[in-house]
1. Can you sort Phe110, Phe156 from fewest to most other Cβ atoms within 10 Å of each residue's own Cβ?
2. What are the ³J(HN,Hα) values, in whole Hz, obtained from phi via the Karplus relation 6.51 cos²θ - 1.76 cosθ + 1.60 with θ = phi - 60°, for each residue of the range 181-193 in sequence order, with x given for Gly and Pro?
3. Give, as a single signed number, the net charge of other residues whose beta carbon lies under 15 Å from the beta carbon of Lys2, with Lys and Arg counted +1 and Asp and Glu -1.
4. So for Met69, Met136, Met24, Met142, fewest C-beta neighbours within 10 Å to most, what's the order?
5. At a Cα cut-off below 21 Å, give the lysines reachable from Lys250, other chains included and same-chain residues fewer than 8 away excluded.
6. Using helices alone, what [θ] at 222 nm do you get for the chain, with -39,500 (n - 2.57) per DSSP H run of 4 or more residues, divided over all residues and rounded to the nearest 500?
7. Can you work out ³J(HN,Hα) from phi for every residue in the range 19-31, in order, using Karplus 6.51 cos²θ - 1.76 cosθ + 1.60 and θ = phi - 60°, giving whole Hz and x for Gly and Pro?
8. Under 10 Å, Cα contacts only: if you run a Gaussian network model on the chain, which one of Ser166, Ser101, Ser174 comes out with the highest mean-square fluctuation?
Amino acid sequence: MKFLTVLQRELREQVRNRKLIFVMLFVLLGAFMALYTDAPLTEGSNSVLEAIFDFFQKFCPVFGVLVAMEAIVGEKEQGTLELILSKPLSRATLLLSKFASYVLATVPLFVIELILVYYWAQVVGVARWQAPLPPMSQWLAMIAILSLVLVFHIVFTIIVSLYARSTAAAAMISMISIFPSSPAGTVIIEWLGWTDFGTLALPFRAMSVLTSDYQEYALLYSASDFWIVVSLLLLLAVVLLLVAGRLFEKQDIAFG
């Protein structure tokens, strides 16, 4: 019951937060940019699916940071954390409630919007592409990967917010989680010679799970690698959430 009470409070905060509106509008704008314009982020893509994935794989981490950057440090800045922790409520419950509210406020809307974009493109057509839309099953596979990427970065940002001195600092530090999926991450993958994922040993593929290269390969070319990516992203999120709860329980919080 305590969890549900805190979750309701957090969801109300998310609904009142204008950041969520910005993120959801950006999802729609990004999808239409990928479908109907020669956006620099997607101009090298070879299909509708690849274009949408390329665009959102770069921006889902940013969405996660924007949504969760105030998780704990925001309560400290507002002076409300002391009041919350004075109640008969465990820190783990508070952290889990915040995580659940961020996920429930973003992931369902993200999924619904991308499904609506798919049906919109079916009815109106896709001006940039000669190839037809991919099967719905493959579109849903893309949404699954992108949703878990978003969840991973939400959890990572929550951990950063435990120790950041301000919300702005939490946002800036959390951006380091974007590194594996950035062009720099691609350069490292190429330097290591991990470009042929079909012949790469499973441990090395697991180490590449946060890179856009391996996620795209799993989406476009290998059903078995898709399940590897989905399973590992989910496992990473769960492990990081457990670590966050443990760190928060042990954290010595000084109040002004």
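1. Phe110, Phe156
2. Result, rounded to whole Hz: 8, 7, x, 5, x, 5, 4, 5, 4, 5, 5, 6, x.
3. Result for the neighbourhood of Lys2: +3.
4. Met136, Met24, Met142, Met69
5. Of all the lysines, those that pass the test against Lys250 - Cα under 21 Å, at least 8 places apart if same chain - are Lys2, Lys76, Lys87, Lys98.
6. Value at 222 nm, helices only, nearest 500: -24500 deg cm²/dmol.
7. These are the phi-based 3J(HN,Hα) values: 4, 5, 4, 4, 4, 5, 5, 5, 4, 5, 4, x, 4 Hz.
8. Ser166
Here, each number is a calculation from the coordinates, and none is a lab measurement. Since the model is a prediction, treat every value here as computed from it, not as a measurement. All Cβ positions, glycine included, derive from the backbone under ideal geometry; neighbour counts span all protein chains shown.
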